[in-house]
Amino acid sequence: MLVGLGIVGLIAIVAALAVAGARRRDRAALNSEAPFSGTLIRTGTAVEFASPDGILPGHAGVVFDETVDPVDLASTVVDLAVRQYLWLSEVDGPDDTADWQVSRRNDPDSALHEFESRLIAAVLPEGTDSTTMSELHRRPDLNLEPVRAALRHDASVQGWLRNSHTQSPLWWAGVALAAVGVIAIPVLALTIGHAVLGAALVLLGVVAVVAPQFLPPRTAKGQQLVSDVRGMLHYLHTVDEHSIPEEDRETVFSRSLPYAVVLGETDHWIDTFGDLDPESNGASGIYWFGGFEGNRNLRRFRTHFPPMLNSLEGVFAETHHQATLAKQASSPGCRPCFAACSGGAVPQRGHGIGAGTRRRPLHAERYACPDVRIRGNLSCA
């Protein structure tokens, strides 16, 4: 009996220590920085852009805080433009206000991840070659939930996040152990009299089933990636424009900008390259963003790009907000408690993780409503 109880206690202690250690390593990863030498790799005369583990901007956002936020999708749109799948441009909007246009530049191909292809298809459905932010705000059929799900799933497939919707081998092993233990209890009780050993097997199986629920969402590979991305963040925050060869500066600026967006370094990154001449190579303006032709530096771009991001994030935040309302309102016993203002809600901008801090996701309760202080999505009976 005492041996059996000792085994049970030992199993519980080992499981608790393993979970505590995993959570401690996860917290440490958020504050560590791996060395990062730059975003370009030279192979002979060729120059290629490189990010840690090939991570995309949207990946970086979801791995940092385990949620798909509007800034993750906005940085993906910018990245798709930089990679010449989309074209962004500033246009005149209604009532002499500024608006921004998103246009198809090249069709999606096998180089894109599923969430990127779905994002393009959502923003520019088949038969649509261009749209504006104001039009996206008015589109009732804009559904980005499949994009969010695909991005979260992709981070799991890459091995950075645990897949909460798929039972792990450890879970199945735990079920098997528990089943064996249940059978062993009466068998042992009627034979050698050590039924507690069967109970120990049941407990071991229960621990194997339950313990993974307390593990951090990031895997060991994901924790290492967080450290690598924080090294990239340090590079974005400290790099000197003049330390980069002149012929590579526009490449470094444009390819790194989506990462600066998702990591909260947008303004600083543009300021760093404020004197960059986008037409020095004979091109007419910024090659992926129209409306700045003839500008010989990025100072005007510095004042126009952040409002475009605000508008884009606003579209994505409101779309997710409405999808959440629709999903929860269909649940029995629940009703919308602030439908009167949800249509005109404006998201408060919460850009990136900042230097040394975690990002705060943009949830419905952070919407600014003129009439109602939003505390939750629904009032449920």
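The values are calculated or read from the model by the stated rules, or taken from the named source; none is laboratory data. Every value quoted in this text rests on a predicted model; they were computed, and no experiment measured them. So basically every Cβ, Gly included, is an ideal-geometry build from the backbone, and we count neighbours across all protein chains shown. Quick note on the areas: whole protein, heavy atoms, side chains included, nothing else; ligands and nucleic acids left out. Shrake-Rupley method; radii C 1.70, N 1.55, O 1.52, S 1.80 Å.
Number of residues in the stretch 47-59 that are of a type in the set (A, V, I, L, M), in contact with a Ser or Thr (Cβ under 9 Å, 6 or more places away or on another chain) and closer than 16 Å to Glu114 by Cα equals 1.
Cβ separations smaller than 8 Å between residues 6+ apart or across chains give the following pairs from the stretch 138-159 residues that are touching a residue at least 40 places away in the same chain (Cβ under 8 Å) to residues that are of a type outside the set (A, V, I, L, M) and outside any helix (DSSP H, G or I): Asp154/His113; Gly159/Thr219.
For the stretch 195-208, residues that are buried (at least 19 other Cβ atoms within 10 Å of the Cβ) and closer than 9 Å to Gly174 by Cβ total 4. Determine whether the stretch 164-181 contains at least one residue that is buried (at least 18 other Cβ atoms within 10 Å of the Cβ), farther than 30 Å from Pro278 by Cβ and among the polar types (S, T, N, Q). Checked against the condition, which is being buried (at least 18 other Cβ atoms within 10 Å of the Cβ), farther than 30 Å from Pro278 by Cβ and among the polar types (S, T, N, Q), the stretch 164-181 yields no hits at all.
Count of the stretch 287-309 residues, restricted to those that are in a loop (DSSP other than H, G, I, E, B) and more than 17 Å from Val82 (Cα to Cα), is 4. When we screen Asp65, Asp53 for residues that are in contact with a Pro (Cβ under 7 Å, 6 or more places away or on another chain), modelled with pLDDT of 75 or more and not hydroxyl-bearing (Ser, Thr, Tyr), the only hit is Asp65.
Which members of the stretch 183-194 meet the condition of being modelled with pLDDT of 75 or more and either exposed (fewer than 15 other Cβ atoms within 10 Å of the Cβ) or within 10 Å of Ala208 (Cα to Cα) (or both)?
Of everything in the stretch 183-194, those that are modelled with pLDDT of 75 or more and either exposed (fewer than 15 other Cβ atoms within 10 Å of the Cβ) or within 10 Å of Ala208 (Cα to Cα) (or both) turn out to be Ile183, Pro186, Val187, Ala189, Leu190, Thr191, Ile192.
When Ser117, Ser103 are checked against the criterion of being of a type outside the set (A, V, I, L, M), modelled with pLDDT of 95 or more and out of contact with any strand residue (DSSP E or B) (no Cβ under 9 Å at 6 or more places or on another chain), a single residue qualifies: Ser117. Scanning the stretch 110-120 for residues that are free of Cβ contacts under 8 Å to residues at least 40 places away in the same chain and either in contact with a helix residue (DSSP H, G or I) (Cβ under 9 Å, 6 or more places away or on another chain) or open to solvent by less than 50 Å² (accessible area, probe 1.4 Å) (or both) yields Leu112, Ser117, Arg118. For the stretch 93-114, give me each residue that is closer than 21 Å to Glu145 by Cα, of a type in the set (Val, Ile, Thr) and part of a loop (DSSP other than H, G, I, E, B). Scanning the stretch 93-114 gives no hits.
Scanning for something part of a loop (DSSP other than H, G, I, E, B) and out of contact with any helix residue (DSSP H, G or I) (no Cβ under 8 Å at 6 or more places or on another chain), does the stretch 169-187 turn up at least one residue? No, because not a single residue in the stretch 169-187 is part of a loop (DSSP other than H, G, I, E, B) and out of contact with any helix residue (DSSP H, G or I) (no Cβ under 8 Å at 6 or more places or on another chain). In the set Val209, Val180, Val147, Val123, only one residue is out of contact with any Asp or Glu (no Cβ under 8 Å at 6 or more places or on another chain), modelled with pLDDT under 80 and not aromatic (Phe, Trp, Tyr); that residue is Val209. Looking only at residues in the stretch 121-130 that are open to solvent by less than 50 Å² (accessible area, probe 1.4 Å) and under 18 Å from Val82 (Cα atoms), which one is farthest from the chain's Cα centre (by Cα)? Selected residue: Leu124.
For the stretch 259-286, taking the residues that are in contact (Cβ under 8 Å) with a residue 40 or more places away in the chain and not in a helix (DSSP H, G or I), the one that is most open to solvent (accessible area, probe 1.4 Å) is identified as Gly264. Within the bounds of the stretch 85-100, is there any residue that is open to solvent by less than 60 Å² (accessible area, probe 1.4 Å), under 23 Å from the mean Cα position of the chain (by Cα), of a type outside the set (Phe, Trp, Tyr) and under 29 Å from Pro306 (Cβ atoms)? Yes, the stretch 85-100 contains at least one residue that is open to solvent by less than 60 Å² (accessible area, probe 1.4 Å), under 23 Å from the mean Cα position of the chain (by Cα), of a type outside the set (Phe, Trp, Tyr) and under 29 Å from Pro306 (Cβ atoms).
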